[in-house]
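This report refers to the structure that appears directly beneath it.
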Amino acid sequence: MPKSKNNRKGKSRSDKRPVQRSSHSRHSSADPAVKDRGPTPPERQCKYLDRVATLPNAFTPDECQQIITTALNDWTERESMIQKDTDGKIEQNFIEDLDYRNTTLFIPPKPDEWLFSKILGVIQTFNQSKDGYGFDIKGLAEPPNVMRYLAPDIHPKGKPGKYDWHMDVGPGPVPSMRKISYSILLNAGEYEGGELAFHIGRSTDPHPGQTEPSSIGSIVCFPSYLVHRVQPMVSGTRYAVVGWVHGNSFM
């Protein structure tokens, strides 16, 4: 019985006609070079995500003194509070706790265009530099405040100015957008204690270069998720401009 023409087993070895392959067969073979490439490398890497930066001489000593004078005379004075969750709810509930946070805030009643634009310009330039964080930042959604920390011998309640361990990123709509925190040293060298310290790995040491008079006008900036504190005051009065640069929340 003659073999069917459609039966490939019956096809003689001398038959050189090409055999039609399915579309799946044509595309199933992978390029070995593609396999060897491995995963796609990240587009951006930053080795400074747990680092604190000092931007020296951003403001002159005269400008720092003018900021202090303006804050004491023209800005709104308010005692410090802390945010504390109650009943497991993530809300912005504020209470006084001088053993945890003891400082006086001076808040501008309206935007100070000179101060706002200078702070933002200096930090944006650093953020976009090769040694910067490269964060997606938009602007200042909260005004910078002047903070005053007093030594216990001049504090009305005899307690040292301080702010214990905390992060600046918070649960509220605006605090959740804090990306870069900053502190401008307005009168370094006129007090003892009060240094910014950071909990990075096992280290809880103060960030260097905060106590010399030459540090006046420098900006200490850091990612807002870093755990930090203001150490208890020992003598004198410490002034600093404190605030944050904002953008879309960290994802």
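Quick note: the coordinates plus some simple rules give every number you see, no bench work behind them. Worth saying up front: this structure is predicted, and the values here are computed from it rather than measured. Don't worry about glycine lacking a Cβ; one is built from the backbone with ideal geometry, like all the others, and counts go over all protein chains shown.
Using Cβ contacts closer than 10 Å as the measure, can you line up 244, 75 from fewest to most?
Ranking 244, 75 by Cβ neighbours within 10 Å, fewest first, gives 75, 244.
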Burial ordering of 64, 221, fewest other beta-carbon atoms within 10 Å first: 64, 221
Longer than 21 Å from Cα to Cα, which of 130/179; 110/138; 47/118 are they? Say none if no pair is. 47/118
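Residue separation times 0.36 nm, minus the C-alpha to C-alpha distance between residue 47 and residue 251: what's the value?
Details: separation 204, 0.36 × 204 = 73.44 nm, distance 1.78 nm.
Length difference between fully extended and current span is 71.7 nm.
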Under 15 Å, Cβ to Cβ, from residue 55 - net charge with Lys/Arg +1 and Asp/Glu -1: +1
R0 of 30 Å, Cβ-Cβ distance residue 212-residue 66: FRET efficiency to nearest 0.05: 0.90
What is the gain in length, in nm to one decimal, between residue 94 and residue 141 on full extension, counting 0.36 nm per residue of separation less the C-alpha to C-alpha distance? 14.9 nm
